[in-house]
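Each value in this text was obtained by applying a stated rule to the coordinates, not by laboratory testing. Everything quoted here is computed from the prediction, not taken from an experiment. Quick reminder, even Gly has a Cβ in these numbers, built from the backbone with ideal geometry, and neighbours come from all protein chains shown.
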Amino acid sequence: MPSFSRPDRVFSVAALCFVDDEREAVREIVRVTRRRFAIGWLNRDSLLYRQKGVKGGIGSYRGARWRRPEELPGLFDGLPVGTLELRSCVALPKGDVWARMMEKILAEHWLRGSLLVVSGDRV
């Protein structure tokens, strides 16, 4: 029987937007990581939502669940996690040089980027 060792870090990008039981998925991510995790969700308060998420979504966004920043901390209630950090990225979906420069400034203070990322430590 193969042995499984837990990873030091777990990173998930928008996968939970398509999972029926997000709370259980978050619990499993926290359970298997030994140290740190980062989980990304599609942001309902973003320009991307207005472009591709409304009315059930289009293309690869069809059926995705979009979250608002204030909804995410509750998914970690009661779990063995340290201080959670919430940031956003990809605020300007075009991705040109100007947009990438602005990302660095906006990530911590303006939670309107296409992706919301919650990171923390397992305790």
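A few notes on this one:
- Contour excess over end-to-end distance, with Cα ends at residue 6 and residue 18 and 0.36 nm allotted per residue: 1.9 nm
- With the simple model of a label 7 Å out from the Cα in the direction of the Cβ, residue 34 to residue 89 spans 2.4 nm.
- Rel. contact order, % - alpha carbon contacts under 8 angstrom, at least six apart, the range 9-121: 33
- Here the 3J(HN,Hα) profile of the range 40-51, calculated from phi with Karplus coefficients 6.51, -1.76 and 1.60 at θ = phi - 60°, is x, 10, 5, 9, 5, 9, 10, 5, 4, 4, 5, 7 Hz, Gly and Pro shown as x.
- Dimensions of the chain from C-alpha coordinates, computed as largest minus smallest value along each principal axis and given longest first, are 47, 31, 28 Å.
- Length added when fully stretched, residue 79-residue 51, from 0.36 nm per residue minus Cα-Cα: 6.6 nm
- The loop-placed trypsin sites (Lys or Arg not before Pro) in the range 1-96, going by DSSP, that have at most 14 neighbouring Cβ atoms within 10 Å of their Cβ come out as 34, 35, 62, 94.
- Between residue 65 and residue 121, full extension at 0.36 nm per residue minus the direct alpha carbon distance yields a gain of 17.7 nm.
- Estimated 222 nm signal from helices in the chain, with DSSP H stretches of n ≥ 4 weighted -39500 (n - 2.57), rounded to 500: -5000 deg cm²/dmol
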